[in-house]
Amino acid sequence: MSAPGEQFLPGPHRKLVLVVLAVSAAAALAVGATSAPAPEPPAVATVPAAHDERGALFRSADVLRDRLRRLPGDADGWARLGTTYVEIARVTADASYYPRADGALRESLRVRPDGNGAAMLGRGALASALHDFSGARDWALRAVEVLPGSVEAHGVLADALTQLGDDDGAASAVQRMLDLRPGVAAFTRASYHLELHGDDDGARDVMGRALAAASTPEEIAFCRYHLGELAFGAGELDEAAEQVRFGLAASPHDPALLRGAARVAAARGETGRALAGYREVVERAPLPQHLLEFAELLEAAGRGEEAREQFTVLAEQQRAQAAQGAGDDLTASRIAADHGDPAEALRLAEAEWGRRRSVFTADALAWALHVGGRDAEALPLADLAVATGWRDAAVGYHRGTILAALGRTDEAVRVLSDALARNPHFSPVQAPEARAALARLRSGR
């Protein structure tokens, strides 16, 4: 394994300033622009589809399949079908749609191999869904070359570069989106970039701009959800609940918003309500993160047998996803680290680190090394996870625990205190562990 931090996240503060400035400049451009935008390819959705939209996605796929039976040479139709399958897979957590998406997009490129930006963009979205972020970057770059004015293409590129740890590249892609069309897709990515750099106020401001630009219930729900997440991450439960309430008014069955409501209920100690909320969430959208959070809440509530049932469901889903090439090694590494399999946690985290060196993988690998008793190796990675200024409380808990294991008590107390002050409810399992660890360190035990 090469040295941590090599070629990682150069110049974060310089890029951060550029993105903030770009938001205002792009908003002005949106008012004064008179030239017509470049033609856009079939849209890759940038907001989560609500449960009610599943039927619309399936109907769209049916219409496209019927059309392609009559017009098999329609390259754009195949590209639209492929991107629709990617969306269906994401919304339903049914990984069997990924091979169908791959087949449709390949057919589009076979029919029109040159200049087929729509299919290239779809391939980038598919690669990202499969956690092949290098492939997503490469396809997005090809799409950008063919469709330089496509906000969607630059969005897929920004997402891939963020996951690959190319901070400057991601910021440049977001900047280009803002220059092209300062709408929901651009503002939400700018907000996320600012969040990863510890600029909470900037992230909220820009997400507020996204909300102002939202024009559909789905976009409104998406923006409200992320405003709620920013509030929850800062420990502001009332604000998080308010954002969720407004979001559900726009899209009553949105699984992400229902998850937000369940998290707030759990943080407020309303365990029964939180568990009922999570049951509805996993019924509507059995995504790995949803299943994991539900299982951990059951575990924290002392309902071990039910928690084990959910972990079994999660493991079966992960196997099904992996069989279709859609495995999530970061989530799998975390589960293994937190549930007694340090060797597997390290194997998965190291494999992911070999593919992408982002703050997310740095944190996962640091934690896997810690549970394996290799804290001296873990600390540089834990430091790297917060090198951009990222203030996630769970990441702080991991870093503080590693510092404590190395005997660096004063630093551990400071880091754990900061994490709990920021969000004392970041996890129903690990937040109590963080409080207990902090109490032990302060008492000298």
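When restricted to residues that are within 23 Å of residue 425 (Cα to Cα) and among the small types (Gly, Ala, Ser), the stretch 203-232 contains 3. Given the condition within 21 Å of residue 392 (Cβ to Cβ), in contact with a helix residue (DSSP H, G or I) (Cβ under 6 Å, 6 or more places away or on another chain) and without any contact (Cβ under 8 Å) to a residue 24 or more places away in the chain, answer yes or no: does some residue in the stretch 200-212 qualify? Checking the stretch 200-212: at least one residue is within 21 Å of residue 392 (Cβ to Cβ), in contact with a helix residue (DSSP H, G or I) (Cβ under 6 Å, 6 or more places away or on another chain) and without any contact (Cβ under 8 Å) to a residue 24 or more places away in the chain. Of all the listed residues (315, 322), the sole one being of a type in the set (A, V, I, L, M, F, W, C), more than 18 Å from the chain's Cα centre (by Cα) and closer than 25 Å to residue 300 by Cα is 315. Restricted to the stretch 356-390, and to residues there that are basic (Lys, Arg) and within 17 Å of the chain's Cα centre (by Cα), the residue that is surrounded by the fewest Cβ atoms within 10 Å (Cβ to Cβ) is 356. Applying the set (1) part of a loop (DSSP other than H, G, I, E, B); (2) closer than 24 Å to residue 417 by Cα; (3) not hydrophobic (A, V, I, L, M, F, W, C) to residue 252 leaves exactly one unmet item: (2). Per the listing 393, 343, the residue uniquely on the phi < 0 side of the Ramachandran plot and crowded, with 20+ Cβ neighbours inside 10 Å is 393. Within the stretch 285-323, restricting attention to residues that are of a type in the set (D, E, K, R) and modelled with pLDDT under 90, the residue that is nearest to residue 432 (Cα to Cα) is 316. The set of residues in the stretch 94-119 being in a loop (DSSP other than H, G, I, E, B) and either over 28 Å from the mean Cα position of the chain (by Cα) or crowded, with 19+ Cβ neighbours inside 10 Å (or both) consists of 95, 112, 113, 114, 115, 116.
In this entry, residue 298 is excluded by the filter for residues that are farther than 27 Å from residue 361 by Cβ, under 16 Å from the mean Cα position of the chain (by Cα) and in a helix (DSSP H, G or I).
Has the stretch 309-320 got any residue that is part of a helix (DSSP H, G or I), within 26 Å of residue 267 (Cα to Cα) and in contact with an Asp or Glu (Cβ under 6 Å, 6 or more places away or on another chain)? No, the stretch 309-320 contains no residue that is part of a helix (DSSP H, G or I), within 26 Å of residue 267 (Cα to Cα) and in contact with an Asp or Glu (Cβ under 6 Å, 6 or more places away or on another chain). Only residues that are among the aliphatic types (A, V, I, L, M) and over 14 Å from residue 369 (Cβ atoms) were counted across the stretch 313-350, and they come to 10. Figure legend. Inter-residue proximity from the stretch 342-358: first residues acidic (Asp, Glu), second residues outside any loop (DSSP other than H, G, I, E, B) and surrounded by fewer than 23 Cβ atoms within 10 Å (Cβ to Cβ), beta-carbon distance below 7 Å, spacing 6+ or different chains. Indicated pairs: 344/336; 352/329; 352/330.
When restricted to residues that are assigned to a helix (DSSP H, G or I), touching a helix residue (DSSP H, G or I) at 6+ places or on another chain (Cβ under 8 Å) and either over 13 Å from residue 105 (Cβ atoms) or among the charged types (D, E, K, R) (or both), the stretch 69-88 contains 4.
The residue that is nearest to residue 212 (Cα to Cα), among those in the stretch 228-270 that are surrounded by 19 or more Cβ atoms within 10 Å (Cβ to Cβ) and among the charged types (D, E, K, R), is 229.
The values are calculated or read from the model by the stated rules, or taken from the named source; none is laboratory data. None of the values given here were measured: they were computed from a predicted structure. In this analysis, Cβ positions are derived from the backbone assuming ideal geometry, glycine residues included, and neighbour counts consider all displayed protein chains.
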